[in-house]
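Heads up, the thing below is written out as structure tokens.
The values are calculated or read from the model by the stated rules, or taken from the named source; none is laboratory data. Note that the structure is a prediction, hence the values are computed from the model and not measured. A quick note on method: Cβ atoms are made from the backbone with ideal geometry, for glycine too, and the neighbour counts reach across all protein chains shown. Accessible surface is based on the protein model in full, side chains and every heavy atom, while ligands, DNA and RNA are left aside. Shrake-Rupley method; radii C 1.70, N 1.55, O 1.52, S 1.80 Å.
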Amino acid sequence: MEKVCRDWASQAFGKGMVKAEYWDDFEVNAKAAAAEIFRVKDFSEGEAKLNELLQEYAPKEIIAVGGDENSAIKNIYDKIAQSGRKIYTGKYDIYEHRDSADIGISTAEFCVAETGSLCVDNYSYEARVTSMLPFVNIVFVNANYVVKDVTVACKIIGKVFNKGYVGFVTGPSRTADIERVLSLGVHGPNKLLIIAVEDFEGVR
Amino acid sequence: MAERNLKQEIQKKLKDDVMQGALSKFAEQYPGSRLNAYKGQDIEELREELRAMKHDAVQHIDQLADDFEASLRKRGTEVFRAKDGQAVKDYIIKICKENGVKRVVKSKSMASEEIHLNECFGEHDIRVKETDLGEWMIAIAGERPSHMVMPAIHMNRYQCAEMFEQELHHEVPGEDIPNMIQLARKNLRQEFLQADMGITGANFGIAENGAIGLVTNEGNARLVTTLPRIHVVLIGYEKLIPKTEDAAKILRLLPRNGTCQRMTSYMTMVDGPTRVMYKDAGGKVVETDRKQYVILLDNGRLEAAKDPVFQQAYQCVRCASCLNVCPIWTLVGGHVYGHVYSGGIGAILTGLFNGVDTFAQFSDLCIGCRKCTTICPGKIPIPDIIDELRSRYVQKHGAPGMDKTMFNMVLNDRGMFHKLLLKAGSIGQAPFKKGKFIRHLPLFMEEMTKGRSLPTIASEPFRDRVERLSRKNPSKPKKRVAYFSGCNMDFVFADTSENVVKVLQSLGMEVVYPIEQACCGKPILGVGDREAGRETAKKNIAAFEKVNADVILSACPTCTETLHETYMKLFENDPEWKARARAFCSKVREFSSFVAEEYKKTGRMVHTKGGEKVTYHDSCHMKRGLGIYEEPRALIDATPGVELVEMHNCDKCCGMAGSFGMKYQEVSIPMLNEKVDNIKATGAATAVVACPACMMQIGGGLDKAETGIQTKHIADLLAEKL
């Protein structure tokens with residue numbers, strides 16, 4: 001999958017910019033933005049959580065990205081496929097199923113404590129449609145990769161952003177254009193479910 | 001352009017109950033929600049960072065634009081610099097033709113609204129759809145957005161449902177908002193998927209790498225920049241910033257001020273052509289680089305960038321928070337401003353993009369209360385820029401005839417004013433007087449007393465009392481204070497002026513009154529006639545030079561601000577008068593802050609316990625113009641027999657705002673009614689003010705509503721307890 005940066009941790013994160021200790025703030029603010037958060041120890045717990053969520057939302061079709069960059073995630077996708085669920089991970093398959101899939105699974109590079117945002121590297125077309133078109137977006141992120149605020153986040157992005165598509169995702173798609181009543185899922189997902197994995201590095 | 005009847009349009013909006021309900025609820029909730037989003041942040045530091053960054057950017061705008069363009073070209077983007085709206089339209093139609101574009105989706109772009117972009121597609125048989133829900137509904141209704149961030153705030157759910165029905169051709173129940181949202185999702189999803197071209201605006205453009213930033217909640221901008229095979233960006237020069245990390249300076253304020261969120265759901269940066277997949281003409285799925293075209297829009301922006309006053313408009317990030325706190329906007333809504341940009345900043349942007357002639361039509365709607373200046377993320381002095389635009393307009397067209405005649409005949413010539421008032425006082429008002437108020441005026445003046453009583457003209461103007469009062473001056477005065485009464489305090493509230501003198505004398509001050517003093521000049525400066533303003537200033541400066549006082553004191557904050565600050569700025573090209581103005585201005589003091597200082601020195605500033613409840617109203621010019629709000633409260637606290645209770649929205653404009661309250665009585669009275677309600681709710685027996693214009697308005701409102709609540713100037717309150 002094409003990315004703005006192959007390895008954010010080694011190329012973009014400067015010394016002392018990314019710290020696990022900002023997690024609590026991130027969690028509070030992400031929840032305030034209507035994201036749901038599941039913090040897990042490792043990918044085997046992450047897989048169990050994901051299966052739970054798949055049970056709950058019972059998707060007819062899943063599109064998923066991020067397996068090429070992380071073998072543990074690829075492993076999880078493979079097992080989902082073996083279980084008989086329709087999961088599409090190739091870009092042409094994703095293209096075909098982009099509008100019919102009801103769950104998209106994607107990845108994020110780091111978390112922003114101040115705002116509860118996920119920083120996403122969405123250079124590739126498939127990463128964008130996966131995270132935007134289905135009604136539910138499930139995101140894997142490293143629970144240790146948290147920056148204090150938007151200032152630090154933009155500094156990090158600035159180090160590697162030469163071309164492409166990056167951004168923050170903060171909770172689900174929302175609108176208040178009718179009578180200022182908050183409604184979710186207007187164009188993008190109405191659910192943003194974050195699976196934050198503590199031991200993300202171990203399996204790289 | 002057809003001549004507009006602004007007053008009629010305003011009256012219509014004031015009778016629109018749906019809009020009135022929505023706006024008043026919003027105005028009530030916004031300030032608290034905004035502060036909540038800033039919890040834990042140093043707002044002033046963030047504002048200053050944004051202001052400084054944008055200020056610096058505009059100083060180097062040509063360089064930034066060159067860098068931005070070069071960055072984009074290097075990455076394979078076509079860049080076009082458009083002089084005006086027509087150039088944009090021609091260019092976009094050309095791209096459409098070259099690329100066989102039949103369907104276009106747009107995410108919200110105020111710049112495209114500004115140039116009425118959508119109009120150009122119809123004649124070329126190109127389908128264009130707005131995808132921001134509010135903009136989509138507004139486009140169906142054929143209306144303009146009434147707010148930059150909440151374009152459909154003036155409609156209720158049932159009116160929205162009608163727009164849905166019109167577009168979808170089936171029944172849509174207005175009760176069910178989530179259902180409407182899903183209908184829009186379904187309908188617009190197909191628009192996204194089938195579109196050939198996506199058009200976006202940009203919240204910022206980064207010179208170092210050519211990236212543009214898009215801040216949305218719905219996520220429509222992400223789809224507009226992802227699904228179609230062509231991406232067109234329409235970006236104004238004012239959105240350019242040097243580096244990626246500078247984006248943080250915008251992003252930490254824009255969502256908080258705009259929608260009271262720490263961050264919107266989506267913040268997207270797109271840099272150059274990105275990959276896209278689509279079915280080609282033969283139905284085969286292809287992956288290729290998306291074509292990206294970036295249009296830099298001038299339309300008056302580059303000229304504004306060169307002007308030291310107007311360039312401050314570049315500090316605007318289009319959060320619209322200045323509308324949210326504007327006492328006029330929150331009453332009349334955005335449509336009466338006549339163009340796409342509304343409110344105070346709207347008047348400015350319209351003036352810069354559409355010319356000062358268009359600006360002049362609704363520049364009246366800024367009353368200079370300065371509430372917006374306290375929250376603008378880019379710290380734009382909106383009322384000052386409006387003043388400057390007014391002045392440029394007057395230089396070009398001359399002052400509005402009526403205003404100028406009134407001023408020259410009446411306010412600038414005290415002798416004439418005096419005679420006129422005496423005559424009116426003895427004959428005109430007698431039959432309509434009730435106590436100290438006139439409750440009804442006959443015939444054409446009836447409007448002025450609708451909703452408020454007017455104070456009666458003083459039977460003996462202050463100037464005629466000076467000789468008697470000066471006999472009580474102390475023999476060994478601490479200071480020589482020259483009193484500047486201003487019009488109101490001379491002819492209407494002469495008793496209050498007398499109390500000012502008594503308080504000053506009790507502090508050991510000698511009070512003198514230069515009899516040649518004129519009006520401070522604010523009424524004519526306010527309409528933009530600086531030439532007339534300079535003449536008045538000279539008259540006053542010369543009159544006060546003669547008495548050689550230590551302090552020049554006024555008990556009217558608007559006069560004080562004019563004497564203290566505006567006079568300094570009037571003589572930039574006249575060294576002699578500039579020096580004289582400087583000497584004059586340096587002596588000018590406002591009554592309550594001067595008295596508070598003297599109270600402290602003499603040990604009179606001591607807390608006194610309990611008594612009758614009084615509440616205090618902050619005049620706009622006092623609090624936000626002069627920064628004085630603690631001193632009057634401290635003086636009330638030190639006054640025996642009274643206890644201060646704060647009212648809700650104590651610093652919200654009472655609706656008088658100079659001559660605005662008379663000229664736009666229909667807007668002024670609802671503002672006054674709100675103030676009266678807030679005063680009544682405190683249970684206070686007296687409303688204390690420190691401004692004669694507020695005193696006239698609030699006093700009139702409290703009398704008309706027969707509340708029995710008294711209105712006093714702080715000088716009255718202090719003098720009573722001497």
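What number goes with the only condition from (1) among the aliphatic types (A, V, I, L, M); (2) open to solvent by 20 Å² or more (accessible area, probe 1.4 Å); (3) more than 17 Å from B:Ala184 (Cβ to Cβ); (4) not in a helix (DSSP H, G or I) that B:Met148 does not pass?
The number of the failed condition is (2).
Would you confirm whether any residue within region A:107-122 is outside any loop (DSSP other than H, G, I, E, B), within 17 Å of the chain's Cα centre (by Cα) and over 30 Å from B:Tyr38 (Cβ atoms)? Reasoning before the result, please.
Start the filter on region A:107-122 by keeping residues that are outside any loop (DSSP other than H, G, I, E, B), which leaves A:107, A:110-112, A:117-121.
Remaining after also requiring within 17 Å of the chain's Cα centre (by Cα): A:107, A:110-112, A:117-121.
After this cut, where a residue has to be over 30 Å from B:Tyr38 (Cβ atoms) as well, the list is A:107.
Yes: region A:107-122 contains one or more residues that are outside any loop (DSSP other than H, G, I, E, B), within 17 Å of the chain's Cα centre (by Cα) and over 30 Å from B:Tyr38 (Cβ atoms).
For A:Ala153, are the conditions met, namely being open to solvent by 10 Å² or more (accessible area, probe 1.4 Å), over 21 Å from A:Asp42 (Cα atoms), facing chain B (nearest Cβ under 9 Å) and among the hydrophobic types (A, V, I, L, M, F, W, C)?
Details: open to solvent by 10 Å² or more (accessible area, probe 1.4 Å): no; over 21 Å from A:Asp42 (Cα atoms): yes; facing chain B (nearest Cβ under 9 Å): yes; among the hydrophobic types (A, V, I, L, M, F, W, C): yes.
Here the answer is no, as A:Ala153 does not meet what is asked.
How many residues are within 14 Å of chain A (Cβ to nearest Cβ) and assigned to a loop (DSSP other than H, G, I, E, B) if we restrict to region B:109-145? I'd like the intermediate steps shown before the answer.
The initial filter retains those residues of region B:109-145 that are within 14 Å of chain A (Cβ to nearest Cβ), namely B:129-141, B:143, B:145.
This time we only want the ones that are assigned to a loop (DSSP other than H, G, I, E, B), so: B:131-132, B:143, B:145.
Of the residues in that region, 4 qualify.
Among residues belonging to region A:134-148 that are in contact with a helix residue (DSSP H, G or I) (Cβ under 8 Å, 6 or more places away or on another chain) and outside any strand (DSSP E or B), point out the one that is nearest to the other protein chains (Cβ to nearest Cβ).
Keep residues of region A:134-148 that are in contact with a helix residue (DSSP H, G or I) (Cβ under 8 Å, 6 or more places away or on another chain), which gives A:136-140, A:142-148.
Next, only the ones that are outside any strand (DSSP E or B) stay: A:143-145, A:148.
Numbers: A:Ala143: 20, A:Asn144: 21, A:Tyr145: 17, A:Lys148: 11 Å.
Filtering first and then ranking leaves A:Lys148.
Take B:Ala313 and decide whether it is hydrophobic (A, V, I, L, M, F, W, C), modelled with pLDDT of 95 or more and outside any loop (DSSP other than H, G, I, E, B).
Numbers: hydrophobic (A, V, I, L, M, F, W, C): yes; modelled with pLDDT of 95 or more: yes; outside any loop (DSSP other than H, G, I, E, B): yes.
Criteria met by B:Ala313.
Criterion first (out of contact with any His (no Cβ under 6 Å at 6 or more places or on another chain), within 23 Å of B:Lys249 (Cα to Cα) and not hydrophobic (A, V, I, L, M, F, W, C)) does B:Gly346 satisfy it?
On the way: out of contact with any His (no Cβ under 6 Å at 6 or more places or on another chain): yes; within 23 Å of B:Lys249 (Cα to Cα): yes; not hydrophobic (A, V, I, L, M, F, W, C): yes.
Answer is yes for this residue.
Filter region A:191-204 for residues that are at pLDDT 95 or above and either open to solvent by less than 50 Å² (accessible area, probe 1.4 Å) or in a helix (DSSP H, G or I) (or both); which is farthest from the other protein chains (Cβ to nearest Cβ)?
Once the filter is applied, the top-ranked residue is A:Val197.
Can you tell me how many residues in region B:78-108 are assigned to a loop (DSSP other than H, G, I, E, B) and open to solvent by 10 Å² or more (accessible area, probe 1.4 Å)?
In the first step, residues of region B:78-108 are kept if they are assigned to a loop (DSSP other than H, G, I, E, B); the result is B:83-84, B:99-102, B:107-108.
If we keep only those that are open to solvent by 10 Å² or more (accessible area, probe 1.4 Å) as well, we get B:83-84, B:99-100, B:102, B:108.
Summing the residues that are assigned to a loop (DSSP other than H, G, I, E, B) and open to solvent by 10 Å² or more (accessible area, probe 1.4 Å) in region B:78-108 gives 6.
Is it the case, given these coordinates, that A:Gly171 is within 7 Å of chain B (Cβ to nearest Cβ) and either under 19 Å from the mean Cα position of the chain (by Cα) or at pLDDT below 95 (or both)? Spell out the reasoning first.
Numbers: within 7 Å of chain B (Cβ to nearest Cβ): yes; either under 19 Å from the mean Cα position of the chain (by Cα) or at pLDDT below 95 (or both): yes.
The answer is yes for A:Gly171.
Please verify whether B:Glu245 is at the interface with another protein chain (Cβ under 9 Å from one of its Cβ atoms), in a helix (DSSP H, G or I) and surrounded by fewer than 22 Cβ atoms within 10 Å (Cβ to Cβ), treating the condition exactly as stated.
Numbers: at the interface with another protein chain (Cβ under 9 Å from one of its Cβ atoms): yes; in a helix (DSSP H, G or I): yes; surrounded by fewer than 22 Cβ atoms within 10 Å (Cβ to Cβ): yes.
Spelling it out, B:Glu245 is indeed at the interface with another protein chain (Cβ under 9 Å from one of its Cβ atoms), in a helix (DSSP H, G or I) and surrounded by fewer than 22 Cβ atoms within 10 Å (Cβ to Cβ).
Can you tell me how many residues in region A:80-90 are open to solvent by less than 70 Å² (accessible area, probe 1.4 Å) and part of a helix (DSSP H, G or I)?
The qualifying residues number 2.
State all residues of region A:105-126 that are within 8 Å of chain B (Cβ to nearest Cβ) and closer than 12 Å to A:Asp149 by Cα; if no residue qualifies, say none.
A:Val112, A:Glu114, A:Thr115, A:Gly116, A:Ser117
Does region A:45-67 hold any residues that are under 24 Å from A:Glu201 (Cα atoms) and loosely packed, with under 15 Cβ neighbours inside 10 Å, and which are they?
Residues satisfying the conditions are A:Ala48, A:Glu52.
Between B:Val215, B:Val276, B:Val233, which is touching a residue at least 24 places away in the same chain (Cβ under 8 Å), under 24 Å from A:Glu179 (Cα atoms) and assigned to a strand (DSSP E or B)? Before the answer, list the steps.
Working: B:Val276 fails: under 24 Å from A:Glu179 (Cα atoms); B:Val233 fails: under 24 Å from A:Glu179 (Cα atoms).
It is B:Val215.
For every residue, the table says whether it meets (1) farther than 15 Å from B:Arg75 by Cα; (2) facing chain A (nearest Cβ under 7 Å).
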position	(1), (2)
B:Asn257	yes, no
B:Gly272	no, yes
B:Gln292	no, no
B:Asn299	yes, no
B:Glu303	yes, no
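For residues in region B:154-202 being free of Cβ contacts under 8 Å to residues at least 60 places away in the same chain, of a type in the set (S, T, N, Q) and in contact with a helix residue (DSSP H, G or I) (Cβ under 7 Å, 6 or more places away or on another chain), which is most open to solvent (accessible area, probe 1.4 Å)?
That would be B:Gln166.
Please verify whether A:Tyr165 is within 16 Å of the chain's Cα centre (by Cα), at pLDDT 95 or above, within 7 Å of chain B (Cβ to nearest Cβ) and surrounded by fewer than 24 Cβ atoms within 10 Å (Cβ to Cβ), treating the condition exactly as stated. Talk me through it step by step, then tell me what you get.
Details: within 16 Å of the chain's Cα centre (by Cα): yes; at pLDDT 95 or above: yes; within 7 Å of chain B (Cβ to nearest Cβ): yes; surrounded by fewer than 24 Cβ atoms within 10 Å (Cβ to Cβ): no.
No, not satisfied.
How many residues does region B:279-294 hold that are surrounded by fewer than 23 Cβ atoms within 10 Å (Cβ to Cβ) and in a strand (DSSP E or B)?
8
Can you tell me which of (1) in a strand (DSSP E or B); (2) touching a helix residue (DSSP H, G or I) at 6+ places or on another chain (Cβ under 8 Å); (3) open to solvent by 10 Å² or more (accessible area, probe 1.4 Å) is the one B:Thr615 doesn't meet?
Every condition holds for B:Thr615 apart from (3).
Let's see how each residue does on (1) in contact with a Cys (Cβ under 9 Å, 6 or more places away or on another chain); (2) over 29 Å from B:Ser475 (Cα atoms); (3) not in a helix (DSSP H, G or I):
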{"site": "B:Lys502", "(1), (2), (3)": "no, no, no"}
{"site": "B:Gln505", "(1), (2), (3)": "no, no, no"}
{"site": "B:Glu510", "(1), (2), (3)": "no, no, yes"}
{"site": "B:Pro514", "(1), (2), (3)": "no, no, yes"}
{"site": "B:Gln517", "(1), (2), (3)": "no, no, yes"}
{"site": "B:Leu525", "(1), (2), (3)": "no, yes, no"}
{"site": "B:Gly533", "(1), (2), (3)": "no, yes, no"}
{"site": "B:Thr536", "(1), (2), (3)": "yes, yes, no"}
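Among B:Asn220, B:Asn209, which is the only one that is at pLDDT 95 or above, under 19 Å from B:Ser112 (Cβ atoms) and at the interface with chain A (Cβ under 8 Å from one of its Cβ atoms)? Break it down stepwise before answering.
On the way: B:Asn209 fails: under 19 Å from B:Ser112 (Cβ atoms).
Just a single option satisfies the conditions, and that option is B:Asn220.
Exactly one condition in (1) open to solvent by 40 Å² or more (accessible area, probe 1.4 Å); (2) within 21 Å of A:Ala143 (Cβ to Cβ); (3) part of a loop (DSSP other than H, G, I, E, B) is not met by A:Phe38; state its number.
(3)
Anything in region B:224-242 that is more than 25 Å from the chain's Cα centre (by Cα) and either at the interface with chain A (Cβ under 8 Å from one of its Cβ atoms) or open to solvent by 10 Å² or more (accessible area, probe 1.4 Å) (or both)? List them, or say none.
Hits for region B:224-242 are B:Thr225, B:Thr226, B:Leu227, B:Arg229, B:Pro242.
Output the qualifying pairs, or none if there are none: Cβ atoms under 8 angstrom, residues six or more apart or on different chains, first residue in region B:464-477 and within 16 Å of B:Ile515 (Cα to Cα) and of a type in the set (Ser, Thr, Tyr), second residue in a loop (DSSP other than H, G, I, E, B) and open to solvent by less than 100 Å² (accessible area, probe 1.4 Å).
What qualifies is B:Ser470/B:Tyr513.
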